[in-house]
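A.B. asks: One structure coming up, written as structure tokens, with questions to follow.
The values are calculated or read from the model by the stated rules, or taken from the named source; none is laboratory data. Not measured: the values here are computed from a predicted model. When we count neighbours, we look across all protein chains shown, and the Cβ atoms used for this are built from the backbone with ideal geometry, even at glycine. We work out accessible area using only protein heavy atoms, side chains counted, and drop any ligands, DNA or RNA first. Shrake-Rupley method; radii C 1.70, N 1.55, O 1.52, S 1.80 Å.
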Amino acid sequence: MRQYKCDSALEQWAEAVGPDYVVTGEAVLRQAETSTFATNRRISAIVRPANREEVQECLRIATRCQTAIYPISSGKNWGYGSRVPCSDNCVLLDLGRMNHIVDFSEELAYVTVEPGVTQSQLYAFLRERHSALWMDATGASPSCSLIGNTMERGFGHTPYGDHFAHTCGLEVVLPDGTVIETGFARFASAQAAPLHRWGVGPFLDGLFSQSNFGVVTRMTIWLMPAPEYFQAYYFRCEGEEGLSAMIDALRPLRLSGTLRSASHIANDYKVLQALRQYPWDQPGCATPLSAEAMKGFRKTLGIGAWNGSGALYGTKGQVREARRLLRRALAGKVTNLTFLDDRLLGLAARFARFYQFFSGWDLKLMLEVLTPVYGLMKGIPTENPMTSTYWRKRDPPPASMDPDRDGCGLVWFSPVAPNKGDDARRLTGIATETMLRYGFEPAISLTILIDRSISCIVSITYDRHVAGEDERAKACYQELLSTLAGYGYHPYRLTVNSMDAASEGGAYTELLQTLKRTLDPGAILAPGRYLPIVPT
């Protein structure tokens, strides 16, 4: 029997949002408590408001009844906790019904959205209007929330890949139901509200990113004007030791502005997961797949120990010059530096079979991976990367993929390092050794998202239906967290089981706790999220 601190809370929420949008069914709640790794949080109910006013009333009810409430957008925060709250017995505040695009400007290149607006929805909106603007897309599901990803400081692929850096004008509901708007949006007549980040006075937007100070119900996202010319590039590094030189060669190009978008570098394990499921059908392929076995796959599939991708954007002249500089910087450090545009990609797909006949290299298989990544660099959402969550499953991914439902094990560890080759080698070396020791394939990607740092994603991928795997994944994650923090490589994003890692005590944490006590004295909003629960 699920417990509620206030007997009348459900009745009040039903009156506020309608009885059909207060969910207490055991099966639905149990599904919401399921993640891609082991959690033990119980969810008391799910409340689904339709607009800002209903969100305000829901929070007022939670405050009056002293009932913890946890907001989600699409709830597809896979690898970090899905819909599961950070603490027990919360009510989910599901914002998925708030799915309106409330403002759009082709001329000034922005769109204002609610939390339920997804990647696919915005992409379709732009296509329907034959817009000359591109969105930035992540490799997550097309049905993921734009606001949800941005407020977790997620990233994508284009020059607008740092999502939080390309937003402004937040509408936020505080725990007591008060509404504030950030930046110039707080002035009713401000013409620059969706255009200028800083406004005047203290800048508050960051307080509501990765926090539990308020519920974001609206946000403006800046869109990228489609360039005159676009060309993707791909390369590989045959040996693991070549990673340092590769990183050091790319850094000056990023600092100088030659490379304007994210450069992604994935190891062989990560690429193999994108190409296929675990090779259970091949003899001797016990878990974890050994480095020796990977050498064979690298040769067969034509991939490197490290494999890079990115894109060049601008006029044809600008892209030509950037291409020249990239070739010069990577000369002798990588092999098979290839440039693709729409015409070349079409030709490659058309003649893939003939290419394989003469070269023996399965270009068709590689195109199945390259094409979705190519699309992501143009802001086109895709479900393709989701197939890698089924890496160790015995059955193929279903047509409608749902890693939570299907028992896919996935934990993402996301440390950040300086944009230097030595740091990249040290971080990935520690991660590789640790994961192999725990029995997991070290699928690792590095993203040069901003000029001076590298964002790393370490994917712990397994089958939750195999006994003991959840426990090993948890232990592996905790060792990665503690070991790499000891070297100064801290994660930019945390799972719901590891939020305490965001707080080291001291003046910074004390200031956040003071803000929490001021804004939410009853600690009803997302208790434990990126901040220890403050004793009352």
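A.B. asks: Go through (1) touching a residue at least 12 places away in the same chain (Cβ under 8 Å); (2) among the basic types (K, R); (3) farther than 30 Å from I43 by Cα and name the single condition K76 misses.
C.D. replies: (3)
A.B. asks: In addition: Considering only region 208-284, give the strands (runs of 3 or more DSSP E) lying wholly within it that have at least 1 residues that are more than 30 Å from K295 (Cα to Cα) and open to solvent by 40 Å² or more (accessible area, probe 1.4 Å).
C.D. replies: Numbers: elements: 215-222, 229-237, 263-267.
Qualifying strands (runs of 3 or more DSSP E): 215-222, 229-237.
Per-residue answers, yes or no, for (1) within 27 Å of Y390 (Cα to Cα); (2) part of a helix (DSSP H, G or I); (3) open to solvent by 30 Å² or more (accessible area, probe 1.4 Å):
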site: S120; (1), (2), (3): yes, yes, yes
site: H130; (1), (2), (3): no, no, yes
site: T138; (1), (2), (3): yes, no, no
site: P142; (1), (2), (3): yes, no, no
site: G148; (1), (2), (3): yes, yes, no
site: R153; (1), (2), (3): yes, no, yes
site: H157; (1), (2), (3): yes, no, no
site: Y160; (1), (2), (3): no, no, yes
site: A165; (1), (2), (3): no, yes, yes
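A.B. asks: Any idea which residue in region 99-118 is nearest to L133 (Cα to Cα), counting only those that are of a type in the set (V, I, T) and part of a strand (DSSP E or B)? Write out each step before concluding.
C.D. replies: Residues of region 99-118 of a type in the set (V, I, T): 101-102, 111-113, 117-118.
Remaining after also requiring part of a strand (DSSP E or B): 101-102, 111-113, 118.
Values: I101: 15, V102: 17, V111: 10, T112: 14, V113: 16, T118: 17 Å.
Residue satisfying both the conditions and the ranking: V111.
A.B. asks: Please verify whether region 143-154 includes one or more residues that are more than 12 Å from the chain's Cα centre (by Cα) and farther than 16 Å from L204 by Cα.
C.D. replies: Of region 143-154, the ones more than 12 Å from the chain's Cα centre (by Cα) are 143.
Those left that are additionally farther than 16 Å from L204 by Cα: 143.
Yes: one or more hits.
A.B. asks: Moving to a separate point now. List the number of the failed condition for R472; all other conditions in (1) open to solvent by 20 Å² or more (accessible area, probe 1.4 Å); (2) closer than 21 Å to G308 by Cβ; (3) not aliphatic (A, V, I, L, M) hold.
C.D. replies: Unmet condition: (2).
A.B. asks: Kindly list, by first and then second residue, each pair from a residue in region 168-195 that is within 21 Å of H100 (Cα to Cα) and open to solvent by less than 50 Å² (accessible area, probe 1.4 Å) to a residue that is part of a strand (DSSP E or B) and small (G, A, S), limited to pairs with Cβ atoms under 8 Å and residues at least 6 apart or on different chains.
C.D. replies: Final answer for the pair search is T182/G169; A185/G169; A193/G169; P194/S105; P194/G169.
A.B. asks: Which one is farthest from the chain's Cα centre (by Cα) among residues in region 296-353 that are under 16 Å from L370 (Cα atoms) and among the polar types (S, T, N, Q)?
C.D. replies: My answer is N336.
A.B. asks: Within region 403-453, which residues are touching a Pro at 6+ places or on another chain (Cβ under 6 Å) and on the phi > 0 side of the Ramachandran plot?
C.D. replies: G439 - this is the single residue of region 403-453 that is touching a Pro at 6+ places or on another chain (Cβ under 6 Å) and on the phi > 0 side of the Ramachandran plot.
A.B. asks: Considering only region 389-487, give the strands (runs of 3 or more DSSP E) lying wholly within it that have at least 3 residues that are within 17 Å of K270 (Cα to Cα) and out of contact with any helix residue (DSSP H, G or I) (no Cβ under 6 Å at 6 or more places or on another chain). Working first, answer last.
C.D. replies: Details: elements: 408-413, 416-418, 443-450, 453-463.
In region 389-487, 453-463 are the strands (runs of 3 or more DSSP E) which contain 3 or more residues that are within 17 Å of K270 (Cα to Cα) and out of contact with any helix residue (DSSP H, G or I) (no Cβ under 6 Å at 6 or more places or on another chain).
A.B. asks: Shifting gears a bit: Being crowded, with 18+ Cβ neighbours inside 10 Å and in a helix (DSSP H, G or I) is the filter here, so list the residues in region 302-320 that pass it.
C.D. replies: V319, the sole residue that qualifies.
A.B. asks: Scan region 478-496 and report the pairs whose first residue is modelled with pLDDT of 95 or more and whose second residue is among the aliphatic types (A, V, I, L, M) and in a loop (DSSP other than H, G, I, E, B), with Cβ atoms within less than 9 Å and a gap of 6+ or a chain change.
C.D. replies: L481/L494; V496/V84
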